[in-house]
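Beneath this line is the structure, given in structure tokens, with notes to follow.
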Amino acid sequence: AAPAAPVESSPASSSSTSSAPSAASSSSSSSSSSSKGEGTEGNRFSVRKSRVRELQELRNSLEEKEFALLQKQQELEEKERTMVVLQEQLSLEKKLRDILIEEKERAIEEAKLAAGLCSQGGMMP
């Protein structure tokens, strides 16, 4: 029993001495592994954060492009309305011109007829 006690004591003491460095090394390795773990988690977090930031930038870019497209669409619709109005105005001006030309020709004909009647009236007496 006596020799067993020192043997138990000796492994315990060697275990305690060896466990202290191994505890220190395992605590340092676990702290370094937890640093690595935190680093990995930190990297994951930073990757997620950068992806979220990238997605947000894409969303912002798409919103800006959508806004620009909406503005261009409104401008095009306004130009189209302007074109329709201008085409109607042109059509009305053509009709008015045709009417004025007809009235001018009638006035010329009436003037010729009046001049002819006047000249005939002068010859008749």
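The values are calculated or read from the model by the stated rules, or taken from the named source; none is laboratory data. Because the structure is a prediction, the values reported are computed rather than measured. Here the Cβ positions follow ideal geometry from the backbone for every residue, glycine too, while neighbour counts run over all protein chains shown. Heads up: the accessible areas ignore ligands, DNA and RNA and are worked out on the full protein's heavy atoms, side chains in. Shrake-Rupley method; radii C 1.70, N 1.55, O 1.52, S 1.80 Å.
For residue 59 and residue 95 in one chain, what is 0.36 nm times their gap in residues minus the Cα-Cα distance, to one decimal in nm?
Values: separation 36, 0.36 × 36 = 12.96 nm, distance 5.33 nm.
Full-extension gain reported as 7.6 nm.
In terms of Cα to Cα distance under 29 Å, which lysines are near enough to residue 112, apart from those fewer than 8 places away along the same chain?
Result set, ordered by chain and number: 94, 95, 104.
Grab the other residues whose beta carbon is less than 14 angstrom from that of residue 97, score K and R as +1, D and E as -1, and report the net. Present the calculation step by step, with values, prior to reporting the outcome.
Details: positive: 94, 95, 104; negative: 93, 98, 102, 103, 105.
Charge balance in the 14 Å sphere: -2.
Can you tell me the length gained on complete extension of the stretch residue 46 to residue 107, counting 0.36 nm per residue apart and subtracting the Cα distance? Kindly include the intermediate steps, with their values, before the conclusion.
Values: separation 61, 0.36 × 61 = 21.96 nm, distance 8.95 nm.
Taking residue 46 through residue 107 to full extension adds about 13.0 nm, to one decimal.
For region 56-120, what is the accessible area per residue in Å², given a 1.4 Å probe and the full set of protein chains? Could you put the intermediate results ahead of the total?
Values: 6350 Å² over 65 residues.
Heavy-atom SASA per residue in region 56-120 reads 98 Å².
Carbon and sulfur together cover what percent of the accessible area of region 64-125 at a 1.4 Å probe radius? Walk me through the numbers before you get to the answer.
Details: 3710 of 6130 Å².
Carbon and sulfur atoms account for 60 percent of the accessible area of region 64-125.
Could you tell me the calculated FRET efficiency between residue 118 and residue 88, based on Cβ-Cβ distance and R0 = 41 angstrom, to the nearest 0.05? Please report the intermediate quantities before stating the final value.
On the way: r = 44 Å, r/R0 = 1.08.
Here the calculated transfer efficiency is 0.40.
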